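Asks: This is the structure I have questions about; it appears just below.
Taken together, the values in this text are just the output of simple stated rules run on the coordinates, not laboratory data. None of these values were measured; they are calculated from a predicted model. With ideal geometry, Cβ positions are generated from the backbone for all residues, glycine too; neighbour counts draw on all protein chains shown.
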Amino acid sequence: MDQTRIMTLNTASRAHPEVDRSLGYQPFAMPPAVPPQQRRVVVTWAQHLSEVRAAQRLRYQVFADEMGARLSTAIPGHDVDLFDNYCEHLLVRDELTQQVIGTYRVLTPVQAQRVGSTYSDTEFDLTRLRGLRERMVELGRSCVHKDYRHGAVIMLLWGALGEFMTRNQLDTMIGCASIPMLHNGVISGDVAASIWRQVQATHLAPIEHQVRPRLPLPVERLDASLDVEPPALIKGYLRLGAKVLGAPAWDPDFNAADLPMMMRLADLHPRYRKHFLGA
């Protein structure tokens, strides 16, 4: 799985002084070339409002223009909600054009207390996670520009998140992982129901960490027998060692079903531990 005051995002220290973001990320080593997938990309944390706006524009392009989400926003062409001012915003840029081509937002425990909840709380009853909240961050609004959807961008984002977690002594990440409802040109929950059937059998969290959707996807009335694979991001989370916390919620605004997911650093697969945590 960043709205303390959007006007204070002009410096890292004034935005969230309790969080250490002083990380010196190096550009990913890729040969310079014209095609976007072969360009060098670099990961940074947003320091200024203009950088947050660039992330919000990318989110709008992906969620609204590409996926058909119905977004209520005060700034045309931007995906903006009440949590943004409280979040840290992780950015991946094309080093040549400086365009933001990937993003995550991260809500820390302190900032979640200030805003009063996490975004996931609006979709799920997270009562069973109350014992984890002091060291739990929420990841959200993850997206990558369609021309750059390859492993290098995701690995950069996840590597930066791993450093952020260890540097700030945090150990649990949660978030809502979306499954688009549009399948073969038809809006249907059958794909989400089928994916839930698969992950329920193989990656369901223990009962003490399971949560309930506030607006459940009616999986019992859907065809859960489709032979489909989870979206790439969900597959990636599961490979890392993430758990699914329960049945999907229905998000009509984003035209998606959302799976509640949790990644604890202690559960990180050994294959990825050195890359993401340096241990």
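Asks: Could you run the Karplus curve 6.51 cos²θ - 1.76 cosθ + 1.60 with θ = phi - 60° over region 80-85 and give me ³J(HN,Hα) per residue in whole Hz, x for Gly and Pro?
Replies: Karplus-based 3J(HN,Hα) across region 80-85 equals 10, 9, 5, 7, 4, 5 Hz.
Asks: With no solvent and one point per C-alpha, what does the Debye sum give as log10 I(q)/I(0) for region 6-265 at q = 0.10, 0.14 Å⁻¹?
Replies: -0.49, -1.00
Asks: Residue by residue, what Karplus-based ³J(HN,Hα) values in Hz, rounded to whole numbers, does region 254-264 have, using 6.51, -1.76 and 1.60 with θ = phi - 60° and x for Gly and Pro?
Replies: Listing the rounded values in order: 8, 6, 8, 9, 10, 8, x, 10, 9, 10, 9 Hz.
Asks: Given H placed 1.01 Å from N in the peptide plane, which residues other than close sequence neighbours of Cys143 have an amide H under 5 Å from its amide H?
Replies: Correct list: Thr103.
Asks: Return the long-range amide H neighbours of Asp125 (sequence gap of 5 or more, or a different chain), with a cut-off of under 5 Å between placed amide H atoms.
Replies: Arg212, Arg214
Asks: Whole angstrom only: what separates the Cα centroid of region 98-125 from the Cα centroid of region 41-97?
Replies: 13 Å
Asks: Rounded to the nearest 0.05, what FRET efficiency is calculated for Arg135 and His48 with R0 set to 45 Å and r the Cβ-Cβ distance?
Replies: 0.95
Asks: Let me ask another. How many nm is it between the label spots at Val228 and Arg70, if each spot is 7 Å from the Cα in line with the beta carbon?
Replies: 2.1 nm
Asks: Beyond 25 Å, what share of the Cα-Cα pairs of region 133-279 remains, rounded to the nearest whole percent?
Replies: Pairs farther apart than 25 Å: 30 percent.
Asks: List, in order, the whole-Hz ³J(HN,Hα) value for each residue of region 49-61 obtained from phi through the Karplus relation with A = 6.51, B = -1.76, C = 1.60 and θ = phi - 60°; use x for Gly and Pro.
Replies: 4, 4, 6, 5, 4, 4, 5, 5, 5, 4, 4, 5, 4
Asks: With r as the distance between the Cβ atoms of Arg114 and Glu220 and R0 = 41 Å, compute the FRET efficiency 1/(1 + (r/R0)^6) and round to 0.05. The partial results should precede the final answer.
Replies: Numbers: r = 38 Å, r/R0 = 0.94.
Approximately 0.60, to the nearest 0.05.
Asks: How high is the FRET efficiency from Arg167 to Lys146, r the C-beta distance, R0 30 Å, rounded to 0.05?
Replies: That gives a FRET efficiency of 0.45.
Asks: Here's another thing I want to ask about it. So how do Glu220, Glu138 line up by other beta-carbon neighbours within 10 Å, fewest first? Mind showing how you got there, number by number?
Replies: Working: Glu220 9, Glu138 27.
Ranking Glu220, Glu138 by Cβ neighbours within 10 Å, fewest first, gives Glu220, Glu138.
Asks: Please give the contour-minus-distance gain from Gln200 to Arg271: 0.36 nm per residue of separation, less the Cα-Cα distance, rounded to one decimal in nm.
Replies: Going from the current span to full extension adds 23.2 nm.
Asks: What residues have an amide H closer than 5 Å to that of Leu182, excluding those fewer than 5 places away on the same chain, when H is modeled at 1.01 Å from N in the peptide plane?
Replies: Ser188
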